[in-house]
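Input: a single structure, listed below in structure tokens.
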Amino acid sequence: MANNYTSTVIKGDDQPLTFTSEVTIHELQDIELSAPVMIEGLPGFGHVGKLVAEHLIDVFHATRIIDIYSIHFPPQAIVLDDCAVRLARNEIYACKSEDGKSDMLILVGDNQSATTRGHYILCDVFLNIAKRFNVSRIYTLGGYATGQLEDNGTVIGAVNNPDMVKELSDYGVDFQESEPWGGIIGVSGILLAMGIELNIDAVCLMGITSGYIVDPMSAQAVLRVLSQALGIEVDMQALEEHAAEMEKVVAKLEEMQQMQMSLTTGDEDLRYIG
């Protein structure tokens, strides 16, 4: 799809943005990486992938090198802490390791595309960036929504190359035939499928989540698997603290859910007039 959409590339942090194209790629700075992996953590069910990707950015002090704007993002301005606004965007961060063996490109952002066409266009942009940096493998991260409050630490996997199944199974990834049964919606799935044409191995790691709330517990499970696959150690303290807080929220929700069930299924009529 590289020639089927309009795009503009702007180089330099001091250059003004233009929005006459479907995609505007703002390259903030150059960086040399050695066959990095690309990690995608855009918003999705439970914000699982987003939590993991942003945690990696914080822990490894990654550098923001590319901003991506698109008319396919929702018509939304992001309000910052100082009450100023900016346009919604996707961002790519670079993390250069000391040994040169675990360099990373990390894709995060405010939104995924609001249109079907935009999903394919933006995935093409992401893959062109991956190709330019000689990305060795892509990890897309997300949540597997069940609609129920979950805390089982399971990570479901899907790949674009069956040869990866054995390796990832050894790290604790659960591969289930034809799962997710409805497919993987959005960037996390499309990147895998489109990556086949570029011969880039890609895997999607999905933490089991209710899909209703931000889920740092599921994010922890995904991060444990990812860190094993990458052969790196990641300080999880911030995620653990966030997860501990969320456990209290989940416990309260479960208590309320049980109370509601007892009210609706119990034999006693607990209604009153007052």
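The values are calculated or read from the model by the stated rules, or taken from the named source; none is laboratory data. The structure presented is a predicted model; accordingly, all values stated were derived computationally and were not measured. Neighbour counts are summed over all protein chains in view; Cβ atoms, including those assigned to glycine, are modelled from backbone coordinates with ideal geometry.
Could you run through segment 200-230 and say how many residues are outside any helix (DSSP H, G or I) and either farther than 19 Å from Arg137 by Cα or at pLDDT below 95 (or both)?
Pass one, segment 200-230, residues outside any helix (DSSP H, G or I): 200-215.
Now drop any that are not either farther than 19 Å from Arg137 by Cα or at pLDDT below 95 (or both), which leaves 207-215.
Final tally of qualifying residues: 9.
One line per residue, one yes/no per condition, for (1) aliphatic (A, V, I, L, M); (2) crowded, with 16+ Cβ neighbours inside 10 Å; (3) more than 11 Å from Tyr144 (Cβ to Cβ):
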{"residue": "Leu191", "(1), (2), (3)": "yes, yes, yes"}
{"residue": "Asp201", "(1), (2), (3)": "no, yes, yes"}
{"residue": "Met206", "(1), (2), (3)": "yes, yes, no"}
{"residue": "Pro216", "(1), (2), (3)": "no, yes, yes"}
{"residue": "Asp235", "(1), (2), (3)": "no, no, yes"}
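Give me the residue from segment 135-166 that is over 21 Å from Met194 (Cα atoms), of a type in the set (D, E, K, R) and touching a residue at least 60 places away in the same chain (Cβ under 8 Å) and, out of that set, surrounded by the fewest Cβ atoms within 10 Å (Cβ to Cβ).
Here the answer is Asp151.
Tell me which residues, restricted to segment 180-199, are assigned to a loop (DSSP other than H, G, I, E, B), within 20 Å of Glu40 (Cα to Cα) and within 19 Å of the chain's Cα centre (by Cα).
Scanning segment 180-199 gives Pro180, Gly183, Ile184, Ile185, Gly186.
Mind listing whichever residues of segment 193-218 are out of contact with any Ser or Thr (no Cβ under 9 Å at 6 or more places or on another chain) and farther than 20 Å from Pro36 by Cα? First the steps, then the outcome.
First, the residues of segment 193-218 that are out of contact with any Ser or Thr (no Cβ under 9 Å at 6 or more places or on another chain): 193-199, 212-214, 216.
Tyr212, Ile213, Val214, Pro216, listed by residue number.
Might you let me know whether segment 98-106 holds any residue that is at pLDDT 95 or above and acidic (Asp, Glu)?
The answer is yes; a qualifying residue exists.
Does at least one position in segment 63-78 carry a residue that is among the basic types (Lys, Arg) and either touching a residue at least 40 places away in the same chain (Cβ under 8 Å) or farther than 21 Å from Ile138 by Cβ (or both)?
no
Run down Ala84, Ala77, Ala35 and say which single residue is over 19 Å from the mean Cα position of the chain (by Cα), of a type in the set (A, V, I, L, M), surrounded by fewer than 21 Cβ atoms within 10 Å (Cβ to Cβ) and at positive phi.
Matching residue, one of Ala84, Ala77, Ala35: Ala35.
If I ask for residues that are buried (at least 23 other Cβ atoms within 10 Å of the Cβ), of a type outside the set (A, V, I, L, M) and part of a loop (DSSP other than H, G, I, E, B), which ones from segment 38-59 would you list?
Gly41, Gly44
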